[in-house]
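The values are calculated or read from the model by the stated rules, or taken from the named source; none is laboratory data. Because the structure is a prediction, the values reported are computed rather than measured. Methodologically, a virtual Cβ is constructed for each residue, glycine included, from the backbone with ideal geometry; neighbour enumeration extends over all protein chains shown.
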Amino acid sequence: MKNMSKRIMALPCLGFLIAFGFLGCITSDEKKGNEHKKTINVGLAYMEMSAHSMGLIVGAEADYKVRPYLPLADFILEDSLKHVAVSADINATSNFLMENETKNILQTHLVFDSNGEEASLHIGGTQKGIDYGTKMHVSGELIGTDKVRMTIKYSISEPPKMKGQKKNEGKTTITCKLGETVLLATQSQISGSTRKLLGDLSALTTTPTAHPLIQARTTAKAKISADLKKSKDRLEIILLNPSLVHEDSPKAQ
């Protein structure tokens with residue numbers, strides 16, 4: 001009887017140890033899952049470039065101060081280039097653009113976990129039950145240790161009118177390095193005549209040997225700049241700059 005009693009008393013202890021071990025496994029699995037889940041902070045800016053602003057950037061290609069932003073010239077000149085990355089952070093990039101007369105409409109950030117969570121933003125309002133303004137949804141995942149793949153869905157709309165609502169929306173997936181600033185074109189209204197002016201300006205800037213007389217080159221660039229000022233064409237862009245939120249840093253709201 002004494003031995004039987006010991007065995008009966010041992011059963012609850014054994015059950016406790018099994019349960020504890022099981023919980024330990026769950027905790028361990030959760031830790032492993034959390035090791036792969038990272039919090040990503042995406043700096044975001046919504047800007048509008050006039051034709052003259054585009055000309056200032058294209059015309060400054062040879063300036064040493066703009067070397068980090070050289071990809072922007074191709075971004076402006078190539079109709080098929082929908083997004084481009086530069087090595088500078090979002091503050092430096094947006095400051096460079098504003099120095100070149102680009103209008104800064106909105107600047108904020110979005111925070112989400114890299115496990116499929118989606119962060120959203122709505123700047124605007126609601127009229128007659130219909131949202132208008134800037135709406136954005138961003139999600140992403142970490143690739144390796146220094147890259148992130150982001151999916152961006154955006155909608156930019158005016159308040160609804162009697163004839164309907166003018167809206168520009170799209171969805172794209174981009175991959176870039178952490179710390180890089182990606183420029184995404186959301187709406188391009190650049191006519192063929194403006195593209196020709198920008199192309200001529202680029203040729204004057206990048207191939208000065210084709211125009212050996214400095215005075216003639218300066219005069220030609222001034223004429224193009226004046227023509228671009230008259231143009232109402234514009235390019236709307238979104239700037240995205242992803243970085244990791246460290247565990248010892250407060251999570252941004």
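Quick notes
- Flag if Lys171 is part of a strand (DSSP E or B) and either surrounded by fewer than 17 Cβ atoms within 10 Å (Cβ to Cβ) or within 27 Å of the chain's Cα centre (by Cα) (or both): yes
- Qualifying positions in segment 141-175 - hydrophobic (A, V, I, L, M, F, W, C) and either out of contact with any His (no Cβ under 9 Å at 6 or more places or on another chain) or modelled with pLDDT under 90 (or both): Ile143, Val148, Met150, Ile156, Met162
- Test: residue in segment 161-177 that is touching a Ser or Thr at 6+ places or on another chain (Cβ under 7 Å) and of a type in the set (A, V, I, L, M): no
- Positions within segment 107-118 being within 13 Å of the chain's Cα centre (by Cα) and either acidic (Asp, Glu) or within 16 Å of Lys153 (Cβ to Cβ) (or both), in sequence order: Leu110
- Residues within segment 85-105 that are under 15 Å from Leu44 (Cβ atoms) and among the basic types (Lys, Arg), tallied: 0
- Identity of the residue in segment 53-95, polar (S, T, N, Q) and surrounded by fewer than 17 Cβ atoms within 10 Å (Cβ to Cβ), that ends up modelled with the lowest pLDDT: Ser80
- Of the residues contained in segment 212-232, none is found to be part of a strand (DSSP E or B), of a type outside the set (Ser, Thr, Tyr) and either modelled with pLDDT of 90 or more or under 15 Å from the mean Cα position of the chain (by Cα) (or both).
- Number of the condition not met by Gly179 [criteria: (1) in contact (Cβ under 8 Å) with a residue 60 or more places away in the chain; (2) in a loop (DSSP other than H, G, I, E, B); (3) farther than 24 Å from Ile76 by Cα]: (3)
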